[in-house]
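Take a look at the structure below.
No lab work stands behind these numbers, since they all come straight from the coordinates. Just so you know, these numbers come straight off a predicted model, no measurement behind them. Virtual Cβ from ideal backbone geometry, glycine too; neighbours counted across all protein chains shown.
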């Protein structure tokens, strides 16, 4: 597999007034059996900073616009197979608190329409018992701290 240069990405950990978070169900290219749940967000385009990219991604993926983006709470540097490539992605996760909203996926790009297989609002209890893979794997634990109001003073390095 060919390894690409690191891809920079910004992601949102959304928390609504009920303490729920929004995740998307995705499968790997050409491998529908490799399923996992991810937060909204994605790669930075040339000239974008994290916040510009995250605002764009939130609008494209969820329809959410004019939202206040909070602090960066987690960082992740991960290499993973993606189709016939090995991708190294450096992600920064930002806290976004907002009222619950109706998700609008009508602006999804072609690859998102191919790979994203639904979305769901999760409570902490549902996350802790969810049978499919969450990304990162300890998402429920990390999310629980945020819901309880325990924000890290600096972004926490997270793993798989």
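Taking the number of other C-beta atoms within 10 Å as the exposure measure, put 62, 21 in order starting with the fewest.
Values: 62 22, 21 25.
Lowest count first: 62, 21.
Quick check: residue separation of residue 75 and residue 104 times 0.36 nm, minus the Cα distance between them. What number comes out in nm? Let's see the in-between values first.
Numbers: separation 29, 0.36 × 29 = 10.44 nm, distance 2.68 nm.
That pair, residue 75 and residue 104, stretches by 7.8 nm at full extension.
Give me the percent of Cα-Cα pairs in the chain that sit more than 25 Å apart, rounded to a whole number. Show your work: numbers first, answer last.
Details: 3167 of 12720 pairs.
Of all Cα-Cα distances in the chain, 25 percent exceed 25 Å.
Kindly provide the helix-only [θ] at 222 nm of the chain, computed as the sum of -39,500 (n - 2.57) over DSSP H runs of four or more divided by all residues, to the nearest 500 deg cm²/dmol? All intermediate terms of the calculation are to be shown ahead of the outcome.
Details: 4 runs with 34 residues, N = 160.
One gets -6000 deg cm²/dmol as the mean residue ellipticity at 222 nm.
Tell me, how many Å apart are the Cα centres for the range 88-160 and for the range 48-66?
15 Å
Going by C-beta contacts inside 10 Å, put 60, 154 in order with the fewest on the left.
154, 60
How would you classify the range 74-142 from its alpha-carbon gyration tensor, with a ≥ b ≥ c the square roots of the eigenvalues: rounded for a/c under 1.5, else prolate if a/b is greater than b/c, otherwise oblate? The partial results should precede the final answer.
Numbers: a/c = 1.57, a/b = 1.15, b/c = 1.37.
Note, shape of the range 74-142 comes out oblate.
Starting with the highest mean, order 7-15, 86-94 by the number of other Cβ atoms within 10 Å, averaged over the residues of each peptide. Don't jump to the answer; show the numbers that get you there.
Numbers: 7-15: 21.3, 86-94: 18.4.
In decreasing order of mean packing, 7-15, 86-94 become 7-15, 86-94.
At 0.36 nm per residue, minus the direct Cα-Cα distance, what do residue 17 and residue 68 gain on full extension? Give it in nm, one decimal, please. Mind dumping the intermediate values first?
Values: separation 51, 0.36 × 51 = 18.36 nm, distance 1.43 nm.
Here the segment from residue 17 to residue 68 would lengthen by 16.9 nm.
Given the Cα-Cα distance of residue 90 and residue 112 and 0.36 nm per residue of separation, how much length would full extension add, in nm? All intermediate terms of the calculation are to be shown ahead of the outcome.
Details: separation 22, 0.36 × 22 = 7.92 nm, distance 1.94 nm.
Going from the current span to full extension adds 6.0 nm.
With the contact rule set at Cα under 8 Å and sequence spacing of 6 or more, what percent relative contact order holds for the chain?
Details: 310 pairs, mean separation 51.6, N = 160.
In percent, rounded to a whole number, it is 32.
Please report 35, 135 as a ranked list, fewest other C-beta atoms within 10 angstrom at the top and most at the bottom. Mind showing how you got there, number by number?
Values: 35 13, 135 19.
Ranked by crowding around the Cβ, least crowded first: 35, 135.
Assuming R0 = 30 Å, can you tell me the calculated FRET efficiency for the pair residue 51 and residue 125, based on Cβ-Cβ distance, to the nearest 0.05? Walk me through the numbers before you get to the answer.
Numbers: r = 31 Å, r/R0 = 1.04.
Here the calculated transfer efficiency is 0.45.
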